[in-house]
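What follows is a single structure, written as C-alpha cells, with notes after it.
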Amino acid sequence: MSSLKPDANKKLPVVTSPPAEHSAPTYWKSLAELEGRPEFVARARAERVEDEVESPSSPERRQFMQIMSAGAALAAAAGCRWQEDHMLPMSRTPEGRVAGETRRFATACDIGGTTVGVHAISYDGRPIKLEGNPSHPSNRGALGLLHQAQVLELYDPDRSRSPQLDGQPKTWVDFDAFARGHFEALKASGGGAFAVIASASSSPSRAALRARLTELLPQATWVEWEPGLGEGSRLGTQLAYGAALLPHYDFAKADVVVSLDADPLDDLYPSGLANARAFAARRDPDQPMSRVYAIESAYTQLGSQADHHQPLRAELIRAFAVALDAEVSAAVGASGAQPKPTSAALNDPKIAKLLTALAKDLAAAKGRSLVVAGEHQPPEVHALVCRLNAILDNVGKTVSYTEHPNKDAPARVAQLEALTAKLGSAVSTVLVLGANPVYTAPQDLGFAAAYAKVQTRIHVGTYHDETGKASGWHLPEAHWLETWGDVRAADGTLSIQQPLIEALFGGRSQIEVLASLLGETHTRGLDIVKHTHRERLADPRKFRRTVHDGLIDDQLPRVSPELKALDPIALGERDNAPLDAQNGQLELVLAADSKVYDGRFGNSSWLQELPEQNGKLAWGNAAVMSPATAAALGLTDGQEVTLTIGGQSARTHAMIVPGTARGSVRLTLGYGRTRAGRVGGHDEQRVEPVGISGYALQSSKSPYFAGGLQVSAGAGTIELSASQDVHTMDQLGREGTQSRLGMIVREGTVEKYKKEPDFAKHAVHHPPLLSLWNDPVVYDGHKWGMTIDLNKCIGCSACITACQAENNIPSVGAKNLARGREMLWLRVDRYFKGDPDNPEVAYQPLPCMQCENAPCEQVCPVGATMHSSEGLNDMVYNRCIGTRYCANNCPYKVRRFNYLNYNLDVQAVTPYHGFRDEDARIKAMVFNPEVSIRARGVIEKCTFCVQRIQNVKIKAKNAKRSIKDGDIRTACQETCPTQAIEFGDLNDSGAKVAQLAHSPRSYGLLEELNNRPRVRYLARVKNPNPELG
Amino acid sequence: MAAISDVNPFVQPPKGDNDFARVTDNVSRIAEVNRPPRAWYIAFGISTSLLGLFGISVAYLFWEGIGIWGNMNPSYWGFPIVNFVFWVGIGHAGTLISAILYLMRQTWRTAINRFAEAMTIFAVICAAVFPGLHVGRPWLPYWMFPIPNQMQMWPQFRSPLEWDVFAVGTYATVSLLFWYMGMIPDLATFRDRSTSPLRRALYGAFAMGWRGSSRQWHRYERAYLLLAALATPLVLSVHSVVSFDFATSQMPGWHTTIFPPYFVAGAIFGGFAMVVTLAVPARQFFGLKRIITINHLELMSKIILATGMMVGYAYGMEFFIAWYSGSAYEGFALLNRAVGPFAWSYWAMIFCNVVTPQVFWFKSMRRNVWVIFFVGVLVNIGMWFERFVIIVTSGSRDFLPASWGYFIPTAWDFATLAGSFGLFFTLFLLFCRYLPMVAMAEVKAFVPAAHASGDHH
C-alpha cells in the first residue's frame, strides 16, 4: 500500500526454461510449454511490472496464483513436463487442470513450535480450506480450531503490507541496503550488541540459521519467546532426569489416566491431536474403557471426559502431587517418596478419599497407567509426575521420552528478563522474529520501556503489531501458506511446507530474512530448505516425494533415562492453604486463550466469534470464577470487577462458570490488543480492543498463576457476549435445565451399560410415534445420516471453525452476538450437571438433525426448505423470503437467519462496502466457491456439507463406481480430533455410520416429537471408580 | 343473548327527541362543517406524525434489514408478529358487530356498527402490513400468493402462514365489501346534502347511483343479509387460522388445541375494547351522545366482561392442560411465563385482561365513560401483552436450554409499533371527517320516530 513504485524485490513470475532436452520443442504439448520460451518470459515480465504500477497490491487475477511446486500432487500426472518452481497466474491454464476443481496440497502448520500435517485445499490457486494430513502422526487427519482459522488470517487485509522504517513506507531494497552495512559491522564486533527474540519454531532451517548466526556472531543473544506455552515438562524432566526431555504419551495403552491441571489433548500440545484420538478411542464402552481422573483449576478438554473430576486451584496442585507421590509410593512400595504433606486442602474428606482411591487404582494398573501435568505447573510437579510414571512402571509403555530440542536453555521468561536488562546498554540491535514481546512480556519486566532504548529495532511479523509499532524497522512476514519452509513434529516427523499462493503482500519468511541478514548464499525459501536438507533429501525425487506426501518419517530416538532422587519439595504457606480463599488471597490463573492463543490470532473474526469451550464467551475475556467464589465476593454474572495483584490492576467483568476451582479466578491471555487490526483492536483505526490484556497483571516470577489476588466489585453489569446461558441463570431456568438434561444428554455408567445396553433409548417415555401419512420419500438410493459420539466429544470446537471455513459462514460481531444473532451452523452445546461447584460437564455438538419428518419443511409458505430424495433438508436460499417460521418450529434451533447483510456489510467489525473496496476483495478470497454466499433476509443452516456429497457423487458417477463408506466426509467430521462424528449412507449396512446408528447407545435428540432426526447421538458412558461411588 | 336484547336502548330511548332529521343532521354535519373540532386537529397532527415515524421505520427497515429490530435466535418473530396478531384481533369486533349481531337482530348495534367496521378495515390494514414487513426480504412476499409465474414456483399449502394469507385476505375483502355496501345509502345522503360540486361528484361516485327506491332497498337488504351470513363464519375462522400459526407448530406454549377458541374470544374482547376506546372520545367530540348512548357503552362493557372471563378461563386452562399433559417442556413453558424472566409481561397481561374488566360487575362502572375508556385502553394493552407472552416468551425458552435467549426490543421496534397506531388513527380520523360515522339509514329504523305506534318489530 505504500508506494506506487513496482516492488523490485518481489520476484517476478519467471517461468524456468525447460531442461536442455526440452529446450526447443518442435511439438508443444501445452501453451504453457510454448510460452516458456524467452520472448514469453520477457513479455510476462513487462506485463507484470506494468500491472503492478497500476495497482501495487491488487489481489485481482494475477495474484490468484497457483502453485506449480516441484513434485506436488500433480507431479506424477504431468510426469513428462519439466519441473517448475514458480507461481504462475491462472490466466494460462496448465495442462491437466480442470478449472473449478479443488486440489489438495500437502504442507504443515507450526504454531508455537507445535507442528501438524496439513492438506491445503486449493481452488483455482487459492487455498480456501485446510484439512489434517491423515498420514501425519501428530494429528492423523485432524486439525484444531487454530489451524482451521489459518486461511482467514492468510486473507486478512490488515496484515502488514510493506517494510516500514519509523512508520514510513520503505522497500525491501532499502532494508537490504541498510542491513548489509549494519550486520557487517555487527559481525566485525562479534555480535555482542545483537539479540534475537524469536517465537518458538520447529523449523530445522531456522535452527540451522540460528547455528550459523552463533558461528558468525558468537556473542549474540537468542531468546525464544513463546508466552502462551509453559515449559513445565522441559524443566521438570531436567530435575527428574538431569536432562531436558520431551514426553510422549500413549493414551491407547493407558487404563488409568490422571491429569494434574493438564490438557494433553489441546491442539497446541505436542501431538495433542493424536493424543485426543488415542484418548477417545479408549472411551468406547464396548472395549475396555480407560478411567480418567482430572484434578484441575478449570475444565479442560480431557477433564470434560473425566470419570472423576476435582476442581483444585492451580497453586494447590503441587501439594496434591506430593501427596499423590507419597500415597502411590506407599501403595507400590517405592522408596524415596516425598513426605506426606499436611496441607489444609488435602484434609478435605473428598480429596483425601480421592487420593487414596487414586493411589490404589494407579498401583493396580502398573504399566498401564499415565500421570500427566499441565505445562504451566512448576517443574517440581513435573519432576514428581516423572517419578510417578517411573515407579508405576509406565516409562516405555504409556510414556516415553525423546531429547528436548531446547535442552539446556533456562526458562524463557528468565532469558527474556536477562535480555531486558541489557537492552539499550550492551545490546544495541534487536531482531524480533515473529514474536510480539512489547505486548506479551510480563508487565514487571518493563520490556517495552527497555526496548524503546535500543538503537536498532527490527521487527519481522505478519502484522504491524504492538512490537512493530515500537520498532524502527518493521518487515512484513509472509504467511506460512505463502512460503517454503520446513517443520518438525514433536516425534521428529519432518515436513516441507510449500507455498499455496504467491505472497499476497510481498512478505518474506523468517528464514529468508535471517538468511539474507547473515549474508547466506541461499536466501530464497526453497533454496534454504533444500540446503538444510541437502543430505537427507538430495535426490530431487525424494524431495518431491516429501513435499507431495507432506512428511518424511524421521522418528526421534526414544531415550530411557535414569531417574534421579528428588530433593524434598518445600511446601510454603500458599501450598497449605484451605480450599476456599479469602478475597486478597485469591489465585489468578493466566492461561493462553484457546482461541486467540497468546494474542497473535486476535484479528481473526472466526476465532473471536467462536464461543469458548466452557463459558461459551465470545469476543473477549472475563474474570472466570466458580459460583461459590462469586457468591463469596458478592458478584453476579457480567458485573464489573477490578482485579488487583502485585500492585497492578485491571478492569474486566466477572463470569460465573461452574467447575472452576474455588478461590481461583481465571483470565485468559491474548486480549486487550491495541494493534491487532480492525477486528481485534487497533489504536490508529479507532477500534476498541477486544477484552483486556492479562499480560498487564502478569509477573515474571509466576507467569501462569499467582496468589494474592484482590477482586473488587464495580457498579456496572453488562450482558456478556456469550452464546449460551444468556439471561437463563435464574432459578427456574437452572431447574428447568437440570430436569431435562437426562433426556438431552443421556448418560450411564459402564456397569449400567453392561446390564442394560439400550438404557439411552429408555430415557424418555412417549406414546407410539405414528404418522397419519405414509412416508412420501422412500430413500431407495442413498440415505445420509450422522452419528455423534458424546463419549468422545471433548468440546474443542474445531468442528465449528471447520464448518465456518467450509460453508462461508459470516461473523456477526460482538454486538450482534450478544443480541443472539449467532450464525454458526454447528454449535457445541455445553451443559453442567449436578453440584455447581463440582459439576459434570457434557458437550453436545448440534448440527441440523436433517429430520425425516421435518417440522421446518411443513411450515415454509414458499417451499424454500424441501426434503431431498436422500433425506437432506435442502435449503433453497433463492426461494427463501425469510418468514423465519421454520426456525421457530425447529425444536433444535439450528436454523440461522441473516438479520443483516452480514457477509457484505457487517463481517465482524470491519465494515464492508460490498465487494467494491480492495479489502473486501481480499477477504472474499477465502470464500468456498462451492457454497453460496447468503444475502440478508434468508435462513441458512447445516446442509451435511451437501457440496461435498455432490462432488463425490459426480466423481463416482463419472468413474462408474459406487460410493464407498468414508468417501464423503463432512467438514466437521474430517477435522474432529476424536473422531466423534461419523457420516455416511444409512442404507449401506456396512457403513460405520449405519452400524453406530443401530448401536444400543444411540438415541435421537427430542425424537419423542416424531421428527425422526437423521443425526443420532451415542450416549455418554462413564467408568467411575466404584470406591468413589 | 336474550339478556342483551331485553335492554334494547332504542325501546326506551334515553332522550326521546331522536327523529329522522336529527339523526341525519347529527351525522352528516360532522363531514360537512368547514372546520372539525380542535380535538380532531390535535389528534390528526399526532397521528400523522406517528405515521411519518412509521414511514421512516419502514424505510430504514427496507434499507438495513430485520436486524434493526430486536428479533433474535430463538425469538425469531418478536414485535412484528405480536403487532400483526394484535391488529388482526382488533379487527374482529367490527365484523362481529356488523354480521353476527345483525343476524341475531341485536338492533342496538346500529349505533356503533359503522365505525366498528371502519375500525376493522383499518386494523386489518395495519395487520396486513406486518407480515409483509417482517419477512427477511420484504420485496418478495408476493411469492406467498398463488400467482402463475415463469419461475415455476407455487406456494406450499401445508404452511399455516399460507392459510393466513387466505384467511386474512378473505376477511379483509369481505369486511371491506360489507363496510362499503352498508355505507352506500349514507353516501347517497351525503351526496344529496353536498353543497360543493367536488363533494357531490365524489360522494356521488361512491354512492353508485343510489336513489333509495324500494327495489334498491330490497336488493340492498338481501345483499346485506347475505354478506352478513358470509362474514359470520369469517369472524370465527380468521383468528382461528391465525392461531394455527402457533397451534400447529411444535413449540411448547404454542402447541395447544385451545388456541382457536381462545384466540377468537380474545379477539372479540380486544376488538370491543378498541371500539369503546374509540367510541368514547368520538361521541364526545363529534356530538354523537344521542346516537351512541351510555346504554350502548354499557352493553359493550358487558361483552368485554364476558369475553374477558373467557380469556381468563383460557389462561387457566392452559396451565391445567400443561400439567395434565405431563409434558415437561409444556409445563416449563407455562411456568416460565408466570415466573420466568418475562414474568412481568405475563402479569401485565393478567392484570389488564383478567383483573381490570371485573369492575364491570358494577352498573355504576359500566355507565361511567371514564372507567369504560380506561378499561378499554388497559384491555388493549393487555391484549398486546397476551400476544407478546405467547410469541416472545414461549420462543425464548423452548426445548434445548442451550439455545435459550432473552429478547430485548430496540427503539425501532417501538417506533414501528407506535407508527402502526399512527397509520390506524390517521385512517380512522380521515374516516370520521369524511365518511358517515354512524349508519344513519339503519339507526333511523330503530329511532322512536320509526315506531310511532309503539310496535317495535
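Before moving on, here are some points about what is shown:
- Considering region A:941-971, the residues that are crowded, with 22+ Cβ neighbours inside 10 Å and touching a helix residue (DSSP H, G or I) at 6+ places or on another chain (Cβ under 8 Å) include one that is farthest from the other protein chains (Cβ to nearest Cβ), namely A:I968.
- Cβ-Cβ contacts under 9 Å between residues 6 or more apart (or on different chains), taken from a first residue in region A:866-884 that is assigned to a helix (DSSP H, G or I) to a second residue that is among the polar types (S, T, N, Q), are listed as A:Y877/A:S932; A:N878/A:S932; A:R879/A:T865.
- Some residue of region A:841-858 being touching a helix residue (DSSP H, G or I) at 6+ places or on another chain (Cβ under 9 Å), assigned to a helix (DSSP H, G or I), facing another protein chain (nearest Cβ under 8 Å) and farther than 30 Å from B:Q152 by Cα: no
- Residue within region A:882-893 that is more than 8 Å from chain B (Cβ to nearest Cβ), over 30 Å from A:R678 (Cβ atoms) and at pLDDT 90 or above present: yes
- Among (1) away from chain A (no Cβ under 14 Å); (2) at pLDDT 95 or above; (3) farther than 23 Å from B:T120 by Cβ - the single one B:L305 does not satisfy: (3)
Every residue, every condition in (1) free of Cβ contacts under 8 Å to residues at least 12 places away in the same chain; (2) touching a Gly at 6+ places or on another chain (Cβ under 9 Å); (3) away from every other protein chain (no Cβ under 14 Å); (4) surrounded by 19 or more Cβ atoms within 10 Å (Cβ to Cβ), yes or no:
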residue: B:R193; (1), (2), (3), (4): no, no, yes, no
residue: B:R219; (1), (2), (3), (4): yes, no, yes, no
residue: B:A229; (1), (2), (3), (4): no, no, yes, no
residue: B:S240; (1), (2), (3), (4): no, no, yes, yes
residue: B:F246; (1), (2), (3), (4): no, yes, no, yes
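- Hey, B:I81 buried (at least 23 other Cβ atoms within 10 Å of the Cβ), within 14 Å of chain A (Cβ to nearest Cβ) and over 29 Å from B:R283 (Cα atoms) or not: yes
- Selection of region A:661-691 for residues being in a loop (DSSP other than H, G, I, E, B), within 22 Å of the chain's Cα centre (by Cα), of a type outside the set (F, W, Y) and within 15 Å of A:A441 (Cα to Cα) yields A:L669, A:G670, A:G672, A:R673.
- Matching residues in region B:407-443 - criterion: being modelled with pLDDT under 90 and within 11 Å of chain A (Cβ to nearest Cβ): none
- A:Q301 being surrounded by 24 or more Cβ atoms within 10 Å (Cβ to Cβ) and touching a Lys or Arg at 6+ places or on another chain (Cβ under 7 Å): no
- B:R35 among the basic types (K, R), modelled with pLDDT under 80 and surrounded by fewer than 17 Cβ atoms within 10 Å (Cβ to Cβ): no
- For the condition charged (D, E, K, R), facing chain B (nearest Cβ under 10 Å) and under 22 Å from A:E1008 (Cα atoms), A:R740 qualifies.
- Only one entry of A:E719, A:E751, A:E747, A:E756 meets the criterion of being among the acidic types (D, E), closer than 21 Å to A:F832 by Cα and more than 9 Å from chain B (Cβ to nearest Cβ), and that entry is A:E747.
- Remark: B:L96 falls outside the filter, which requires a residue to be among the aliphatic types (A, V, I, L, M), away from every other protein chain (no Cβ under 14 Å), free of Cβ contacts under 8 Å to residues at least 60 places away in the same chain and more than 27 Å from A:F897 (Cβ to Cβ).
- Residue tally, condition among the acidic types (D, E) and buried (at least 16 other Cβ atoms within 10 Å of the Cβ), over region A:531-568: 1
- Condition check for A:S699: touching a helix residue (DSSP H, G or I) at 6+ places or on another chain (Cβ under 7 Å), buried (at least 17 other Cβ atoms within 10 Å of the Cβ) and of a type in the set (G, A, S): yes
- Residue among A:G190, A:G228 that is in a loop (DSSP other than H, G, I, E, B), closer than 25 Å to A:R508 by Cα, at pLDDT below 95 and not basic (K, R): A:G228
- Taken together, A:I692, A:I744 contain a single residue that is closer than 30 Å to A:I949 by Cα and touching a Phe, Trp or Tyr at 6+ places or on another chain (Cβ under 9 Å), which is A:I744.
- Selected residue (criterion: nearest to the other protein chains (Cβ to nearest Cβ)) from residues of region B:99-108 that are closer than 21 Å to B:L226 by Cβ and in contact (Cβ under 8 Å) with a residue 40 or more places away in the chain: B:A99
- Of everything in region A:706-730 that is among the hydrophobic types (A, V, I, L, M, F, W, C) and farther than 27 Å from A:Y831 by Cα, the residue that is nearest to the chain's Cα centre (by Cα) is A:A706.
- Selection within region A:759-805 - touching a Phe, Trp or Tyr at 6+ places or on another chain (Cβ under 9 Å) and assigned to a helix (DSSP H, G or I): A:F759, A:A760, A:K761, A:I800, A:T801, A:C803, A:Q804, A:A805
- None of B:D398, B:D413 is within 30 Å of A:Y843 (Cα to Cα) and of a type in the set (D, E) except B:D398.
- Evaluated against (1) closer than 25 Å to A:T420 by Cβ; (2) facing another protein chain (nearest Cβ under 9 Å), A:S693 falls short on exactly one condition, (2).
- Those residues of region A:817-840 which are buried (at least 21 other Cβ atoms within 10 Å of the Cβ), more than 7 Å from chain B (Cβ to nearest Cβ) and outside any strand (DSSP E or B), in sequence order: A:L817, A:A818, A:M823, A:L824, A:W825, A:L826
- B:G395 vs. criteria crowded, with 23+ Cβ neighbours inside 10 Å, in contact (Cβ under 8 Å) with a residue 24 or more places away in the chain, more than 14 Å from chain A (Cβ to nearest Cβ) and outside any loop (DSSP other than H, G, I, E, B): no
The values are calculated or read from the model by the stated rules, or taken from the named source; none is laboratory data. This one's a predicted model, so the numbers in the text were calculated from it and none came from an experiment. Here Cβ is always computed from backbone atoms with ideal geometry, including for glycine, and neighbour counts include all displayed protein chains.
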